[in-house]
Amino acid sequence: MRWAGRLGVLAACVAAPVAPAAADGPITDRDYAIDFYEGIAIGSTTQVGMGGAGSALIVGSAGNLLNASAPAVRMTTDTDGWNWDYHFDLLTGKYSTDYDNNGVVIDPDDQNSAGASLFTVGIGGRYRNWAMAVTIEAQTAPIAPRTAGEPTTLTADALRTKIVLAKWIPQLDLAVGIGVQPVTFQVVEIAGPQLFRITGTGATAGATWVPRMQDFRVAASLESSISGGQVDSTCDPLNCRGYILPDHVEVPARVIVGGAYRLSETRWNQLVGGGFRDEPSLTLAADVVITGSSPNGYGIEAFGLQRLQRSGEHVAVSMRGGAEYEWLPGRLRVRAGSYWEPQRFERLAGFGSTAGRIHATFGADVRVFEFQLWGRRRGRIGLTADLASRYKNVALSVGLWH
């Protein structure tokens, strides 16, 4: 863990904390920020099913969610001068009662609260050693009502876009990538208008080492912190339908370091051609995700209660790992994994624990059809589940079989 500790210091330096406002009290002014933090594994079904790991494994547009260099890493069957891919994944946490582990449990019988969901879609293309990808990640989650027993009336929506340019450097067996990441965060009434919207933009970069004729890969990525300070609202921010609005939103910096290893009859890191690599294989992946602090960050659930709940005072470290087995070559893959969701929130008086929790994940991909589109293609349907205390996430994915 020595290297993980060093990276933790790096993340802390990127987003060093300052003295926060008093926590666990009523909101009396706008001197606070919403901490836009992702502690759970969200992304492609491959990533979620393998315990949230995949920075060194997942390529193309889906890999762009974790690593800006992923679009430039060729699939081992890709021997053409150019190629393209896409992904579409839909996840729903509607069966969760404490989606982000802040201790505020939502009534499972409240129909409006059963709306936590996320979808991600992306498209990428490669020409020779250059690649580009655009991915969109949209998330919505209910906010606890201001008074216990009342129905949920607010939802928090977030839209994150990643636009990256990546390059494969054959002399080094290395892919590198850089990009921008605009983020929009808003709170809206379920049966009414938007309360406020905040936007911001950050940078992202990544690298993946794929040593030829070897069975392992190593990756690292960095996302800068984002501080959105432009609050767009049509009402008085000091009394917007009874709410005092935040001054800005903070997206903490994030560092990911990971590796992957493949066991099979043939070496992993080689171009084999032929369209598809149908052979039994076991692939292992592990990531360390280090999320920086948020200088003046507070939880969105407590905003619904018009109280302050400190979030992101310290750097958070998450260990993630999983395995994927191609059980029926070219037809069925199964995967399983686990990860630690670290504590992010201070406990709010009168509510439950916010201690970190462990997640168990599993999933499968099934090949469903084959077609011709600039070559021979295979479609797939993927199913995934992520289970933890007060958290249940299921996912459906439609994409190409690689």
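Hey, can you tell me all the residues within region 154-175 that are crowded, with 19+ Cβ neighbours inside 10 Å and either assigned to a loop (DSSP other than H, G, I, E, B) or among the aliphatic types (A, V, I, L, M) (or both)?
Selection gives LEU154, ALA156, ALA158, VAL164, ALA166, ALA175.
For region 344-393, enumerate the residues that are part of a loop (DSSP other than H, G, I, E, B), among the hydrophobic types (A, V, I, L, M, F, W, C) and buried (at least 19 other Cβ atoms within 10 Å of the Cβ).
The first filter runs over region 344-393 and keeps only residues part of a loop (DSSP other than H, G, I, E, B), leaving 344, 346-356, 373-375, 389-390.
Imposing the further condition that a residue be among the hydrophobic types (A, V, I, L, M, F, W, C) reduces the set to 348-349, 351, 355, 373-374.
Within region 344-393, LEU348, PHE351 qualify.
Against the definition (assigned to a loop (DSSP other than H, G, I, E, B), touching a residue at least 60 places away in the same chain (Cβ under 8 Å) and more than 22 Å from ALA316 (Cα to Cα)), how does LEU57 come out, yes or no?
yes
If a residue has to be at pLDDT 85 or above and more than 30 Å from ALA144 (Cβ to Cβ) to count, how many in region 384-402 make the cut?
Looking only at that region, the number is 0.
Taking region 206-265 as the region of interest, how many residues are within 24 Å of ASP31 (Cα to Cα), among the β-branched types (Val, Ile, Thr) and in a strand (DSSP E or B)?
4
Could you tell me whether region 9-27 includes any residue that is assigned to a loop (DSSP other than H, G, I, E, B) and at pLDDT 90 or above?
Looking only at region 9-27, we keep the residues that are assigned to a loop (DSSP other than H, G, I, E, B), and these are 15-25, 27.
Within this subset, residues satisfying the condition of being at pLDDT 90 or above are 27.
Looking through region 9-27, at least one residue is assigned to a loop (DSSP other than H, G, I, E, B) and at pLDDT 90 or above.
Quick check, is ALA41 more than 20 Å from THR384 (Cα to Cα), assigned to a loop (DSSP other than H, G, I, E, B) and within 15 Å of the chain's Cα centre (by Cα)?
No; evaluated as a whole, the condition is false for this residue.
Output the number of residues of region 108-130 satisfying the condition of being modelled with pLDDT of 60 or more and not in a loop (DSSP other than H, G, I, E, B).
12
So ARG310 passes all but one of these: (1) surrounded by fewer than 22 Cβ atoms within 10 Å (Cβ to Cβ); (2) over 30 Å from GLU326 (Cβ atoms); (3) not aromatic (Phe, Trp, Tyr). Which condition number does it fail?
(1)
State whether the residues of region 289-305 include one that is touching a residue at least 24 places away in the same chain (Cβ under 8 Å) and over 30 Å from ILE244 (Cα atoms).
Yes, the conditions are met somewhere in region 289-305.
Residues checked against (1) touching a Cys at 6+ places or on another chain (Cβ under 9 Å); (2) among the polar types (S, T, N, Q); (3) under 22 Å from ALA62 (Cβ atoms); (4) part of a strand (DSSP E or B):
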{"residue": "PRO142", "(1), (2), (3), (4)": "no, no, no, yes"}
{"residue": "THR152", "(1), (2), (3), (4)": "no, yes, no, no"}
{"residue": "GLY177", "(1), (2), (3), (4)": "no, no, yes, yes"}
{"residue": "VAL183", "(1), (2), (3), (4)": "no, no, yes, yes"}
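Hey, among the residues in region 59-92 that are more than 29 Å from ALA141 (Cβ to Cβ) and small (Gly, Ala, Ser), which one's nearest to the chain's Cα centre (by Cα)?
Filtering first and then ranking leaves SER69.
The values are calculated or read from the model by the stated rules, or taken from the named source; none is laboratory data. Since we're looking at a predicted model, the values are computed, not measured. Glycine gets a Cβ as well: all are built from the backbone with ideal geometry, and neighbour counts include every protein chain shown.
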